[in-house]
Amino acid sequence: MKTNKSYMKRLKVSKNGKITARKAGQNHFNAKESRRAQMAKRRGADFPFPISNKDRARFIIG
């Protein structure tokens, strides 16, 4: 099975194998956010749903 490359580009694998993704809603309209909210968006979010190791391997391969 092929890896979904477009989705793979949105993920980052940490040293311990944890998958992080960008938080949604940070592309534009950030000027009206408070500075605290802007900086909170900078931090990566954990993977949005629980995932098995088998499925995790599918995303990491490639």
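Karplus-derived 3J(HN,Hα) values for segment 5-21, using 6.51 cos²θ - 1.76 cosθ + 1.60 with θ = phi - 60°, are 5, 5, 6, 4, 5, 8, 10, 9, 9, 7, 4, 8, x, 6, 9, 10, 10 Hz; glycine and proline are entered as x. Can you return the lysines within cross-link range of K54? Criterion is Cα-Cα under 16 Å, with same-chain partners fewer than 8 residues away left out. K54 reaches K2, K18.
Within straight-line reach of K23, meaning a Cα separation under 16 Å, sit the following lysines at least 8 residues removed in sequence or on another chain: K9, K12, K41.
Amide H to amide H, with H built 1.01 Å from N, K23 comes under 5 Å of A45, counting only residues 5 or more places away or on other chains.
Quick note: the coordinates plus some simple rules give every number you see, no bench work behind them. Note that the structure is a prediction, hence the values are computed from the model and not measured.
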